[in-house]
C-alpha cells in the first residue's frame, strides 16, 4: 500500500501563481526549477525516489512534494492548488526501453493528466522533442503534426503522450502545451557532459552518415520553458530551436575542438549498435542502469529539425544564442 506524507507547510494555500515541476530531480527539470527560483513564482517540485538538490529544497517559495506517477491517488494532493504543471519526468538509462516506456511514458503521464483535470490546473506543459514527427530536415521540418511516424520507442511513446494530452484536454479548462525542444547544449547538460567525459578518454564515437540536429542553448531552453509555463495566450505545439540546424557530426567535432580533445571516431553503425547491445545485456544481468541502449542509437540517428516560426513569434522572439557559432563558448 502506497502512503504519501507531507509536512504541513508543503500543502498550504499558495499564491495565485504556483508551478509544479514534475521531474525536478532530473537534469533539465532541475535546471528549470533553479530558473524559477529567480522569479516571483511559487514552485512545487514533484519527486519520487530521487530527491532534489539541497539548494533547491532550501530556496524561497519552493515546496517539495513526494508522489508516484504510477499511483494516481498520490498525485491528488501534489497538484492541489497548482496553476501550471511542467512535465519533465521520465525513465532513462534502463535496458530494453521497449518493455517499460509504454508504461512509464504513456500510462504515467495519463495519470498526471487526469489529476490535473480533476484539480482544475490551468495549463499543462509537456516537454517533448521534434523526433515525434519522424525523421525531418531543414527542407522538411517538423510542423506540429500528431500523425508522424517516429522510428524509435522513445519518440513513439512521447508522441502517444502528446496525442493523449490534446485529446484529454479538448473542451476542458486545462490548456495543453507541447514544447518540442531541440538538443539542449551547454555546461551542466547531462548528455553534453557524458560526451565530454568520453571524448577526454578517446572513447567518443559517432556513425559516419550525417545526421541533422536542431540545437538550443541552455539559456534559451530555460527562457522558452518559462514562457511556455507563464506567458499569456500560450497553447498548442511549439518547436524550440535556434536559427541554424547543423549535423551531429559537425557539432561533436567542434565541441571536441573547444575541449582540446580528439574528435569523435567515425565508426560503422553496426559497431555502435553492438556496443549498445552489450551495454544493455550487462545492465540487465547486473540489474543496473545502461548508459547506452539500441533505442538511443535509433533516435540519435534520426535527423530532426522543427519549424520554429511560432516559437519565435509567441514564446521567444529573441534568442540569447541564435546559432551555435554564437553559443559555442557555453560548452567551455
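Observations on the structure shown:
- Hypothetical label at residue 325: residues of region 237-259 whose amide nitrogen lies under 14 Å (7 Å Cα-Cβ projection): 243-246
- Rounded to 10°, Cα long-axis angle of helix 153-169 versus longest principal axis of the chain: 30
- Relative contact order of the chain, taken over Cα pairs closer than 8 Å and 6 or more residues apart, is 19 percent.
- Label point 7 Å beyond Cα of residue 143 along Cβ direction - residues of region 280-310 with amide nitrogen under 18 Å: 304-310
- Cut-off 17 Å, label 7 Å out along Cα→Cβ of residue 191, residues of region 15-49 by amide N: 26-32
- DSSP bridge pairs, region 149-249: antiparallel proportion in percent, nearest 5: 20
- Fraction of antiparallel bridges per DSSP, region 64-180 only, in percent to nearest 5: 10
- Among 321, 273, sorting on how many other beta-carbon atoms sit within 10 Å of each Cβ, with the fewest leading, yields 273, 321.
- Calculated [θ] (222 nm, deg cm²/dmol) that DSSP helices of n ≥ 4 give over the chain, each run adding -39,500 (n - 2.57): -11000 deg cm²/dmol
- Per residue, the average separation of C-alpha pairs within less than 8 Å and at least 6 apart gives region 47-199 a relative contact order of 22 percent.
- Neighbour counts of other Cβ atoms within 10 Å put 270, 259 in the fewest-to-most order 270, 259.
- Percent antiparallel among DSSP beta bridges (both partners in the chain, rounded to 5): 10
- This ranking places 234, 299, 213 by how few other beta-carbon atoms lie within 10 Å of each, fewest first, which gives 234, 299, 213.
- Each Cα pair under 8 Å and six or more residues apart adds its sequence gap; the mean of these over the residue count of region 126-278 is a relative contact order of 27 percent.
- Helix 108-119 and the longest principal axis of the Cα set of the chain meet at an angle near 30°.
- Angle between the chain longest axis and helix 269-286 axis [Cα atoms, degrees, rounded to 10]: 50
- Cα-based equivalent ellipsoid, the chain: semi-axes from gyration tensor eigenvalues, Å: 32, 22, 20
We did not get these values from a lab; they are worked out from the coordinates using the rules stated. Bear in mind that the values here come from a model prediction, so they are computed numbers and not experimental data. When we count neighbours, we look across all protein chains shown, and the Cβ atoms used for this are built from the backbone with ideal geometry, even at glycine.
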